[in-house]
Structure formats: structure tokens, C-alpha cells
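Quick one: this structure, given as C-alpha cells, is what I'll be asking you about.
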Amino acid sequence: MVTEESTGTPDSPVTFINVFEIEADDVDAFVAKWEERARLMRDKPGFIDSRMHRARSTDSRFQLVNVSHWETREAWEAATADPAFTSRTQAAREQTAHPVTPNAAVYDVVVELTAP
């Protein structure tokens, strides 16, 4: 679980970003299992959306980037504390032939630009 202090207000939306260091050969199997875990989160209170991004180059250090939005940090913390989610997350790290290194944190928006 991520424990950094938030710069936003307690009831402000948060963005959870997790970049994965994973061998390109392991990506397809990892994504299939990730989708199962993501479905657990979809039904949790406060969940807004989640997208998994895949690098176009197999040479990229981070092959996968997950970006999820939650109504509040409290909702995200409650969802990630679910024992079913934590056990599946641990199993996912161990399912591949090579180590999977997640790099996770919760972020607040500080600048937002949209198309004119």
C-alpha cells in the first residue's frame, strides 16, 4: 500500500499510477490476469475508471502503465486493502518467469490541459 501524504484535500479525486518493469515476453499473460484483478476494483465504492497502457517498444523499461481514477484517496485505500485483491496482486508478481516490479503511487492533478 502507498503511504505518502496527499497534497490534495481528503475528499478530492486521486489518480493512481502504477508503472511495471516486466519482460516483454511476459506482458500478455500478465495483462490477462491484471484484467481479472481490475474487475474486482471496478465494483468498489469510489472507483471511476482504469486503463492499462502498453509500450509500443519492447525495449521500453516500463512495458505497462496502469492509470486509475478514484473519487477519494480513502476509497482507493479501502479498495486496495481488500484481502482478495492483495492476495491476487501478490500472486501476479510471482506468476511470470521473470520478476515483475510495480512502481505505484497516488497522484493529485497539478496542471490540466485540454485541446482548444
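The values are calculated or read from the model by the stated rules, or taken from the named source; none is laboratory data. On a predicted model such as this, the values are computed, not experimentally measured, just so you know. Quick reminder, even Gly has a Cβ in these numbers, built from the backbone with ideal geometry, and neighbours come from all protein chains shown. Heads up: the accessible areas ignore ligands, DNA and RNA and are worked out on the full protein's heavy atoms, side chains in. Shrake-Rupley method; radii C 1.70, N 1.55, O 1.52, S 1.80 Å.
Per residue Cα convex hull volume for the chain, in cubic angstrom?
Hull volume over Cα atoms, normalised by residue count, gives 124 Å³.
Rounded to the nearest 20 Debye, what is the dipole magnitude of the chain about its Cα centre when Lys and Arg each give +1 and Asp and Glu each give -1 at the C-beta?
For the chain, the charge dipole is close to 280 debye.
Which whole-Hz ³J(HN,Hα) couplings does region 44-61 yield from phi under the Karplus relation 6.51 cos²θ - 1.76 cosθ + 1.60, θ = phi - 60°, glycine and proline marked x?
For region 44-61, the Karplus curve yields 7, x, x, 5, 10, 6, 8, 9, 9, 10, 10, 5, 6, 10, 6, 8, 5, 4 Hz.
Okay, next question. Please work out how much length the chain gains when fully extended from T9 to V65, using 0.36 nm per residue of separation minus the C-alpha to C-alpha distance, in nm with one decimal. Write down the numbers at each step before the final one.
Working: separation 56, 0.36 × 56 = 20.16 nm, distance 2.53 nm.
The T9-V65 span can extend by a further 17.6 nm.
Rounded to the nearest percent, how much of the accessible area of the chain (1.4 Å probe, protein heavy atoms only) is carbon and sulfur?
Values: 4010 of 7730 Å².
So the carbon and sulfur contribution to the accessible surface is 52 percent.
Give me the accessible area per residue for the chain, probe 1.4 Å, as a whole number in Å².
Values: 7730 Å² over 116 residues.
Value for the chain: 67 Å² per residue.
If you don't mind, another one. Could you tell me the calculated FRET efficiency between V109 and S57, based on Cβ-Cβ distance and R0 = 30 angstrom, to the nearest 0.05?
Approximately 0.65, to the nearest 0.05.
List every residue whose amide H lies under 5 Å from the amide H of Y107, counting only residues 5 or more places away in sequence or on a different chain, with H placed 1.01 Å from N in the peptide plane.
Under 5 Å from the amide H of Y107 lie the amide H atoms of T15, F16, I17, each far enough along the sequence or on another chain.
Oh, and also: Suppose a student asked you for the relative contact order of the chain, using Cα pairs under 8 Å spaced at least 6 residues apart; what percent would you report?
Rounded, it is 44 percent for the chain.
If I22, I48, I17 are ordered by their accessible area, calculated over protein heavy atoms with a 1.4 Å probe, which sequence runs from highest to lowest?
I48, I17, I22
Please list, in chain and number order, the residues 5+ apart from S12 or on another chain whose amide H is under 5 Å from its amide H, with Hs placed from the backbone.
R73
Now, a different point. Which FRET efficiency value, to the nearest 0.05, is calculated for Q90 and E35 with the Förster distance at 25 angstrom and r the Cβ-Cβ distance? All intermediate terms of the calculation are to be shown ahead of the outcome.
Numbers: r = 17 Å, r/R0 = 0.69.
Given R0 = 25 Å and the Cβ-Cβ separation, E is 0.90.
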